[in-house]
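S.K.: Following this message is one structure expressed as structure tokens.
Nothing in this text is a laboratory measurement; each read-out follows from the coordinates by a stated rule. Source: prediction; values computed, not measured. Neighbour counts run over all protein chains shown; Cβ positions are idealised from the backbone, glycine included.
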Amino acid sequence: MYSTDTPAQIRLSITSGNKGNALCLVAGALYSLGFAPIGVWPITILSIALFILLLQGQTPRTAMLRGWLYGCGLYGVGVSWVFVSIHYHGNTPAPLAAIMTFIFSGGLALLFGAQAWVYQKLHLHRFGLIAFASLWILFEWVKIELLSGFPWLFAGYAFIDAPLKQFAPIVGVLGISWLVVVSAYLLLIAAQHPTKRILAIAVVAIIWGSSYPLATQEWTTITLKDPLNVSLIQGNIPQEKKWDPLERNNIIDTYLQLTETEWEQDIILWPEAAYPIFHNEAQEIIARIDIKGRSTKTAIISGVPSWEQEGESYFYYNSIFVTGAGEGMYHKQKLVPFGEFIPFESLIRGTLPFFDLPLSSFSRGKHNQPILTAKGYSLAPFICYEVLYPELVRRLGKDADFLLTVSNDAWFGTSWGPDQHFEMVRMRALELGKYMLRGTNTGITAIIDHKGNTVKMLPKFVEGVLRGQILRSSGNTPYSYYGYWPPLGGAALIIVISSFLAWRLQKKQPVLASQL
């Protein structure tokens with residue numbers, strides 16, 4: 001027998017009640033498949049469109065539940081690498097690590113719940129298209145700023161290899177996220193409303209089509225003359241050996257041996273915390289490297305833990321410094337919760353091995369630190385997690401000749417974490433139109449050009465040296481001047497106006513009802 005149900009009735013039966021709730025969880029899980037290493041970005045658009053569909057006609061309370069479930073699916077799949085860090089490197093039993101990962105994902109998902117609640121409570125669905133997209137990027141900004149921030153898996157990052165990437169030098173990753181969500185909403189309109197289908201698809205085509213002329217636009221000027229020859233050293237030190245006192249000499253010897261053939265290069269880069277001892281305690285080996293670098297006119301840049309004394313207090317930092325043909329030391333400003341500092345330390349320190357990881361009591365570096373210099377050029381340095389913060393990278397990097405980041409992604413193991421992290425690094429290079437050097441312990445070590453393309457890279461989990469060249473860029477992209485504030489300010493204005501108009505309409509409804 002043929003069903004007599006209309007498409008609207010079929011949709012309602014699928015999206016209502018517990019079926020709809022379960023579908024929210026599935027939609028969230030699909031979202032992460034658009035990111036590396038899977039990288040099927042149309043799935044992210046499908047996921048967002050499905051999420052919008054599942055919010056239609058819902059009360060604020062139900063919308064909040066569905067938003068939370070969507071977030072649980074998104075983070076449960078997308079940041080499942082947290083389990084690897086907690087269990088394998090934090091020495092936490094697997095069942096407890098799974099519970100902690102769920103709590104972490106569920107906590108992050110609360111922001112999606114809040115986003116969905118605001119959307120329905122303020123009746124922003126009356127202005128669905130631009131209101132939903134604007135609210136989306138406002139909540140992405142909240143994920144940057146709230147507490148210490150966790151700016152991971154923003155929609156725009158999934159499109160680093162898609163046509164929309166060309167908007168990055170203008171509006172940054174948040175602007176791309178807005179365009180992605182608008183595209184998803186328009187495609188949903190095309191599917192639901194045949195009379196609006198042609199118009200909706202035409203607008204999507206205009207948005208995406210306008211990215212192609214931007215592909216040939218050179219926002220910054222690349223100097224082909226006098227490229228810098230660089231060597232990036234990937235030590236591939238297992239995390240379980242990294243802070244073992246018995247392995248210190250072996251680790252330093254590994255980096256020295258890999259460096260031995262690279263002294264003719266302009267820059268040699270060692271990864272985050274390549275020195276397994278404090279900078280203050282490694283002066284003998286640092287002096288030897290400095291003398292060698294000065295004699296060969298080579299700048300050696302390396303990550304190292306360090307400490308400073310102020311009065312009777314000691315402050316510990318995750319740092320990066322230059323010896324040889326360069327100078328400068330930078331202390332990390334954005335620290336990883338539980339990895340580099342312990343929130344509520346007096347309460348939870350010592351309760352689990354995960355809360356007692358080596359070097360998990362770092363202090364934040366000062367806001368106004370000078371950047372590094374090497375061979376007469378300026379390099380804006382970012383340590384691991386810092387490269388996730390668009391405004392920090394813009395502030396330090398807009399006037400630099402090059403960008404540079406070091407990391408130790410061994411914490412992620414063989415999970416998706418390193419690949420997702422690398423996508424964000426590429427986006428930062430594209431936003432500012434500058435070459436980026438990325439040195440890591442276990443990968444992904446790479447040279448990235450001013451278009452966000454990977455010029456050369458080393459495989460993960462190998463010991464080796466990546467040799468290549470980097471080119472200086474002059475000038476600035478529009479994003480370098482204004483950051484994400486134009487799209488963010490526009491989004492905030494849209495939400496304020498939409499909320500006011502929705503409130504006015506809501507007030508008129510009882511009057512209209514009494515006249516019928």
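S.K.: Of 393, 317, 277, whose Cα points farthest to the positive end of the dipole of the range 226-481 (charges on the beta-carbon: +1 Lys, Arg; -1 Asp, Glu; origin at the Cα centre)?
M.R.: Going by the Cα projections, it comes out as 393.
S.K.: Please give every one of the aspartates and glutamates within straight-line cross-link reach of residue 398, meaning a C-alpha to C-alpha distance under 14 Å, and leave out same-chain neighbours fewer than 8 residues apart.
M.R.: Cα-Cα hits under 14 Å: 431.
S.K.: Under a Cβ-only charge scheme (Lys and Arg +1, Asp and Glu -1), can you give me the dipole magnitude of the chain about the Cα centre, in debye to the nearest 20?
M.R.: Charge dipole, the chain, about its Cα centre: 2200 debye, nearest 20.
S.K.: Under the classification rounded if a/c is under 1.5, otherwise prolate if a/b is larger than b/c and oblate if not, where does the range 226-481 fall, given a ≥ b ≥ c as square roots of the Cα gyration tensor eigenvalues?
M.R.: rounded
S.K.: How about residue 225: which aspartates and glutamates have a C-alpha closer than 19 Å to its C-alpha, ignoring those fewer than 8 places off in the same chain?
M.R.: In chain and number order, the partners are 264, 266, 401, 449.
S.K.: Which of rounded, prolate, oblate describes the range 114-168, given a ≥ b ≥ c as roots of the alpha-carbon gyration tensor eigenvalues and a/c under 1.5 marking rounded, otherwise prolate only if a/b is larger than b/c?
M.R.: Oblate shape, in that a/c is at least 1.5 and b/c is the bigger or equal ratio.
S.K.: With just the Cα atoms defining each centre, how far is the range 229-280 from the range 107-165? Give it in Å.
M.R.: 40 Å
S.K.: Using only Cα atoms and rounding to the nearest 10 degrees, what angle (0 to 90) does helix 417-432 make with the longest principal axis of the chain?
M.R.: 90 degrees
S.K.: Using Cβ counts within 10 Å as a stand-in for footprinting exposure, how do 123, 450, 331 rank, fewest first?
M.R.: 123, 331, 450
S.K.: Sorting 247, 264, 327 on the 10 Å Cβ count, fewest up front, what's the list?
M.R.: 264, 327, 247
S.K.: Rounded to two decimals, what ratio of Rg to Rh does the range 401-451 give with C-alpha atoms and a Kirkwood Rh?
M.R.: With Rg and the Kirkwood Rh in hand, the quotient comes to 0.98.
S.K.: Sticking with this structure for a sec: Helix 283-296 versus the longest principal axis of the chain: what is the Cα-based angle in degrees, 0 to 90, to the nearest 10?
M.R.: Taking the Cα atoms of the chain, the angle to 283-296 is about 90 degrees.
S.K.: To continue, here is another question. Of the cross-linked pairs 297/451; 165/434; 121/507; 242/334, which ones have a Cα-Cα span greater than 19 Å in the structure shown?
M.R.: 297/451; 242/334
S.K.: Also: With unit charges on the beta carbon (Lys/Arg positive, Asp/Glu negative), name the residue among 489, 168, 302 whose Cα is farthest towards the positive pole of the charge dipole of the chain.
M.R.: 489
S.K.: To test your reading of the geometry: what angle, between 0 and 90 degrees and rounded to tens, separates the Cα axis of helix 94-121 from the longest principal axis of the chain?
M.R.: Tilt relative to the chain: about 50 degrees.
S.K.: Over the range 226-481, what is the percentage of antiparallel beta bridges among all DSSP beta bridges, to the nearest 5?
M.R.: 65 percent
S.K.: Against the globular-protein guess of 2.2 N^0.38 Å, express the Cα radius of gyration of the chain as a ratio, rounded to two decimals.
M.R.: 1.05
S.K.: Of the DSSP beta bridges with both residues in the chain, give the percent that are antiparallel, rounding to the nearest 5.
M.R.: The antiparallel proportion sits near 70 percent.
S.K.: So what's the back-of-envelope 222 nm ellipticity for the chain, counting only DSSP H runs of four-plus at -39500 (n - 2.57) apiece and dividing by all residues, rounded to 500?
M.R.: My calculation for the chain gives -15000 deg cm²/dmol from helical runs alone.
S.K.: Further question on the same structure: Per residue, how big is the convex hull of the range 156-300 when only Cα atoms are used? Give it in Å³.
M.R.: Taking only Cα atoms, the range 156-300 has a hull volume of 172 Å³ per residue.
S.K.: Specify which residue in the list 407, 466, 453 is farthest towards the positive end of the charge dipole of the range 399-516, using unit charges on the beta carbon of Lys, Arg (+1) and Asp, Glu (-1), about the Cα centre.
M.R.: In the range 399-516, that residue is 453.
S.K.: Among 312, 145, 463, rank each residue by its count of other Cβ atoms within 10 Å, from fewest to most, as a rough exposure measure.
M.R.: Taking fewest neighbouring Cβ atoms as first place, the list is 312, 145, 463.
S.K.: Ok, one more. Relative contact order for the chain using alpha-carbon pairs under 8 Å, separation at least 6, rounded to a whole percent?
M.R.: Relative contact order of the chain: 17 percent.
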